[in-house]
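Since the structure comes first, as structure tokens, the remarks are kept for the end.
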Amino acid sequence: MDVLAVILSIVLIFLAALHFYWSLFGIKDPEAVLPTKLENTTAMSPGKFGAALVGIILLLFAFIFINKALLLINHPLLGYISFGIGVIFILRAFGDFRYVGFFKTAKNSKFSALDTRYYSPLCLLMGILILILEVFG
């Protein structure tokens, strides 16, 4: 199960680095990574601070899972936090029923296609793997 924790950490670190890149250099193709409304306008535009904040949160998530492999901090609350992170990723996969997730209604954009094909399945897979790690690990 340590291998699973390390793999999850690597994915989270990569996603954090991507958000930090966006925070420093901007998003080159916003239509591909920002949810789009039915009128082809972005549903949200987090800006540089928002991208950096998401990057920091993803790094904290990565630390939670690398800690499972290295046992740097041993606190019973970390198991509940890890379980909560898994639930967050599963909820992201199901989405808000408007712009993100498997059950979105705005399906007319580049983001929508990429979300259905890559982003939501990745979130669902990560959520399931995190829950498996917590239940069986």
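Computed from the coordinates by the stated procedures, all read-outs in this text should not be read as laboratory data. All figures in this text were calculated on a predicted structure; none of them were measured in a lab. All Cβ positions, even for glycine, are placed from backbone atoms using ideal geometry, and neighbour counts span all protein chains on display.
The alpha carbon convex hull volume per residue for region 53-120 rounds to 98 Å³.
Mean residue ellipticity at 222 nm from the helices of the chain, using -39,500 (n - 2.57) per DSSP H segment of n ≥ 4 over the full residue count, to the nearest 500 deg cm²/dmol? Please report the intermediate quantities before stating the final value.
On the way: 6 runs with 92 residues, N = 137.
Result for the chain: -22000 deg cm²/dmol, rounded to the nearest 500.
Taking amide H atoms as placed 1.01 Å from N in the peptide plane, the amide H of residue 42 lies under 5 Å from those of 37, each 5 or more residues away in sequence or on another chain. Using 0.36 nm per residue and subtracting the Cα-Cα separation, the extra length available between residue 122 and residue 2 on full extension is 41.2 nm. Length gained on full extension, residue 18 to residue 41: 6.0 nm, using 0.36 nm per residue less the C-alpha separation. Here the alpha carbons of region 1-120 define both size measures, Rg and Dmax, at 15.8, 49 Å.
If R0 is taken as 22 Å, the Cβ-Cβ distance between residue 73 and residue 10 corresponds to a FRET efficiency of 0.65. Shown in residue order for region 71-88 are the 3J(HN,Hα) couplings computed by the Karplus curve 6.51 cos²θ - 1.76 cosθ + 1.60 at θ = phi - 60°: 6, 6, 10, 10, 9, x, 5, 4, x, 5, 5, 4, 4, x, 5, x, 5, 4 Hz (x for Gly and Pro). Summing charges over neighbours of residue 121, with a neighbour being any other residue whose Cβ is under 15 Å away from its Cβ, gives +2 when K and R count +1 and D and E count -1. For region 2-136, relative contact order (Cα pairs under 8 Å, six or more residues apart, normalised by length) works out to 29 percent.
How do the peptides 92-102, 20-30 rank, highest first, by the average count of neighbouring beta carbon atoms within 10 Å per residue?
Numbers: 92-102: 17.7, 20-30: 13.9.
Order by mean packing, descending: 92-102, 20-30.
Evaluate the charge dipole of region 2-136 about its Cα centre and quote only its size in Debye, nearest 20, assuming +1 on the Cβ of each Lys and Arg and -1 on the Cβ of each Asp and Glu.
Once rounded to the nearest 20, the dipole reads 260 debye.
Taking amide hydrogens as placed 1.01 Å from N in the peptide plane, the amide H of residue 27 sits under 5 Å from that of no residue at least 5 positions away in sequence or on another chain.
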